[in-house]
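Remarks on the structure that follows.
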Amino acid sequence: MIKASICTIGDEILIGQIVDTNSSRISRAMEEIGIQVTRMLSIGDNRDEIIGNLENELRLSDVVVVTGGLGPTKDDITKPALAELSGAKAFVENETQAGIIRKILKARGLDLLDINKAQALVPETCEVIPNRLGTAPIMVFRFPEDRFGHKATLYSLPGVPFEAEGALPDIMEDIKDHFSLTSIFHKCVMVSGLAESALSKLIEPWEDSLPEDMHLAYLPNQITGVRLRLSIYGGDREDEERRIDQRFEMLKPILGDRIYSYSDDTLQNAIGALLRGTGKTVSAAESCTGGMISSLITSVPGASEYYLGSVTSYAVAVKESVLGVDPETVSSHGVVSSEVAAAMAEGVRKLTGSTYSVATTGLAGPGGDETNPVGTVWIGVSGPRGTITSKRVYGNDRKRNIERFASAALDELRLFVLKDMATSE
């Protein structure tokens, strides 16, 4: 199997000034054509570091993709470092890229300066894929087997994400033209309501029974739950898919409704799939989640078919005056309680006329109390056959708690709707 490394160049990434989004996009493109990305590396703007690290990556990988350090300013030193790495003695002008540079600058009303002209100069040892979205050319360096012990190719892309992404189709085609590729097949199931450690323990016998060529990854996310991904490298794609499907079928008796999708999906999409076309609707009453539940639900295209609206009842007065929560209920049980969560869910359902509703009341942080420590949330879900509540307690991080509260509420809503619809049939 062809292996690849992805390298980003630039101090701005190492100091956290910008976020590297290029590597994930490149990795996904590699996976689609059957290349296994085994390494990712960030390198600062230092000539010796660039040359030394890239030499090492070329020894370890068949394909190395580099982004960054190709701008017109003096601090962009990737091009001269690559010239030295490849043994170039001179730079030559690439006429196609020179023409693109002139066209771009003219369209922007800018003069063609010497530093712009220099961007069309490339080491004599490289091939060029024109960058039609920017001024820095895409350089391709091909190294013979005797240099690094195997045939290796280095692709140098601009660091601007829009330009790097635009270059990927041409680079993938070039890779396919020069390497013999095998397939990589991945498939996922989405699991909610279980921490990664608890899930691992629960499915341990299933995991231990996996064939040696089938690789399992746990990919947890605050909002979507745990994504279980099975991968097979090489082989026939149809056979790989059939074998992975068989293995995931064996999970159904173990996890049941905790599995909410057999693709890389979200809880809000799963809820939309349940409600769409049924005529049933949903609303939300949010306190500690501050509108996140509503935001997630409405992120799904077409959510207006089943989502009616919400009340962000952060203050007790709004809970009482808008949602109709009895002040005596608050006084007797506290704002963060099963009773208030139930009353909020019932109140917003009555207010909007929705079939179902979900509500949250809790303490995201930083403060808590003796009854409810920080990270506590009560969730209420209401529907035609009644109202249920559940309590969750998480950690001390406010942002993470809000995300976890919203995710748990969506999951409780999903399970409630599933059960109600099954009872109705």
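Candidates are the residues of the stretch 345-379 that are in contact with a Lys or Arg (Cβ under 6 Å, 6 or more places away or on another chain) and not β-branched (Val, Ile, Thr); the one that is farthest from Thr312 (Cα to Cα) is Gly365. Would it be correct to say that Asn56 is buried (at least 18 other Cβ atoms within 10 Å of the Cβ) and either on the phi < 0 side of the Ramachandran plot or assigned by TED's automatic domain parsing to the domain that holds Phe143 (or both)? Taking the combined requirement at face value, the residue does not satisfy it.
Table: residues versus (1) of a type in the set (Gly, Ala, Ser); (2) free of Cβ contacts under 8 Å to residues at least 24 places away in the same chain.
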{"site": "Pro301", "(1), (2)": "no, yes"}
{"site": "Thr312", "(1), (2)": "no, no"}
{"site": "His333", "(1), (2)": "no, yes"}
{"site": "Ser357", "(1), (2)": "yes, no"}
{"site": "Ala364", "(1), (2)": "yes, no"}
{"site": "Thr376", "(1), (2)": "no, no"}
{"site": "Gly380", "(1), (2)": "yes, no"}
{"site": "Thr387", "(1), (2)": "no, no"}
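Scanning for something at pLDDT 95 or above, surrounded by 14 or more Cβ atoms within 10 Å (Cβ to Cβ) and in a helix (DSSP H, G or I), does the stretch 307-314 turn up at least one residue? No, the stretch 307-314 has no match at all.
Residues that are exposed (fewer than 14 other Cβ atoms within 10 Å of the Cβ) and within 17 Å of Met250 (Cβ to Cβ) within the stretch 214-234 comprise just one, His215. Candidates in the stretch 401-425 are the residues that are of a type in the set (Val, Ile, Thr) and at pLDDT 95 or above; of these, the one that is nearest to Tyr306 (Cα to Cα) is Val417.
Among residues of the stretch 301-316 being in contact with a Gly (Cβ under 9 Å, 6 or more places away or on another chain) and among the small types (Gly, Ala, Ser), the one that is nearest to Gln268 (Cα to Cα) is Ala303.
Note on the stretch 87-116: among residues that are of a type in the set (D, E, K, R) and either within 38 Å of the chain's Cα centre (by Cα) or not in a loop (DSSP other than H, G, I, E, B) (or both), the one that is farthest from Ile9 (Cα to Cα) is Lys106.
This table checks each residue for (1) over 27 Å from the mean Cα position of the chain (by Cα); (2) hydrophobic (A, V, I, L, M, F, W, C).
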| residue | (1), (2) |
| --- | --- |
| Ala343 | yes, yes |
| Gly353 | yes, no |
| Gly368 | yes, no |
| Gly383 | yes, no |
| Thr389 | yes, no |
| Phe405 | no, yes |
| Ala408 | no, yes |
| Met421 | yes, yes |
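This table checks each residue for (1) modelled with pLDDT of 95 or more; (2) touching a Pro at 6+ places or on another chain (Cβ under 8 Å); (3) farther than 14 Å from Asp48 by Cα.
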site: Val65; (1), (2), (3): yes, no, yes
site: Gly68; (1), (2), (3): no, yes, yes
site: Pro72; (1), (2), (3): no, no, yes
site: Ile77; (1), (2), (3): no, no, no
site: Leu82; (1), (2), (3): yes, yes, no
site: Leu85; (1), (2), (3): yes, no, no
site: Ile100; (1), (2), (3): no, yes, yes
site: Lys103; (1), (2), (3): no, no, yes
site: Arg108; (1), (2), (3): no, no, yes
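Tally up the residues in the stretch 315-331 that are touching a residue at least 24 places away in the same chain (Cβ under 8 Å) and surrounded by fewer than 18 Cβ atoms within 10 Å (Cβ to Cβ), please. Can you show your working first?
Step one: of the stretch 315-331, the residues touching a residue at least 24 places away in the same chain (Cβ under 8 Å) are 319, 322-324.
Okay, now just the ones that are also surrounded by fewer than 18 Cβ atoms within 10 Å (Cβ to Cβ), so 322, 324.
Residues in the stretch 315-331 being touching a residue at least 24 places away in the same chain (Cβ under 8 Å) and surrounded by fewer than 18 Cβ atoms within 10 Å (Cβ to Cβ): 2 in total.
Filter the stretch 365-408 down to the residues that are part of a strand (DSSP E or B), within 19 Å of Leu323 (Cα to Cα) and not small (Gly, Ala, Ser) and list them by number. Val377, Trp378, Ile379, Val381, Thr387, Ile388, Thr389, listed by residue number.
Just so you know, in the stretch 117-168 the residues that are in contact (Cβ under 8 Å) with a residue 60 or more places away in the chain and assigned to a helix (DSSP H, G or I) include one that is surrounded by the most Cβ atoms within 10 Å (Cβ to Cβ), and it is Ala164.
Condition check ((1) assigned to a helix (DSSP H, G or I); (2) at negative phi; (3) at pLDDT 95 or above) across all residues:
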site: Ser263; (1), (2), (3): no, yes, no
site: Gln268; (1), (2), (3): yes, yes, yes
site: Ile297; (1), (2), (3): yes, yes, yes
site: Val300; (1), (2), (3): no, yes, yes
site: Ser304; (1), (2), (3): yes, yes, yes
site: Ala317; (1), (2), (3): yes, yes, yes
site: Gly324; (1), (2), (3): no, no, yes
site: Ser332; (1), (2), (3): yes, yes, yes
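Just one of the listed residues (Glu31, Glu49, Glu12) is closer than 20 Å to Pro169 by Cβ and out of contact with any helix residue (DSSP H, G or I) (no Cβ under 7 Å at 6 or more places or on another chain), and it is Glu31.
Looking for something closer than 15 Å to Gly386 by Cα, assigned by TED's automatic domain parsing to the domain that holds Arg414, of a type in the set (Ser, Thr, Tyr) and at pLDDT 95 or above - is there at least one such residue anywhere in the stretch 359-370? No, that holds for no residue.
Residue-by-condition table, conditions (1) in contact (Cβ under 8 Å) with a residue 40 or more places away in the chain; (2) farther than 30 Å from Ala152 by Cα; (3) of a type in the set (Lys, Arg):
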| position | (1), (2), (3) |
| --- | --- |
| His186 | yes, no, no |
| Leu219 | no, yes, no |
| Leu228 | yes, yes, no |
| Ser231 | yes, no, no |
| Gly234 | yes, no, no |
| Asn269 | no, yes, no |
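The values are calculated or read from the model by the stated rules, or taken from the named source; none is laboratory data. Everything quoted here is computed from the prediction, not taken from an experiment. Here the Cβ is made from the backbone with ideal geometry for all residues, glycine too, and neighbour counts use every protein chain on show.
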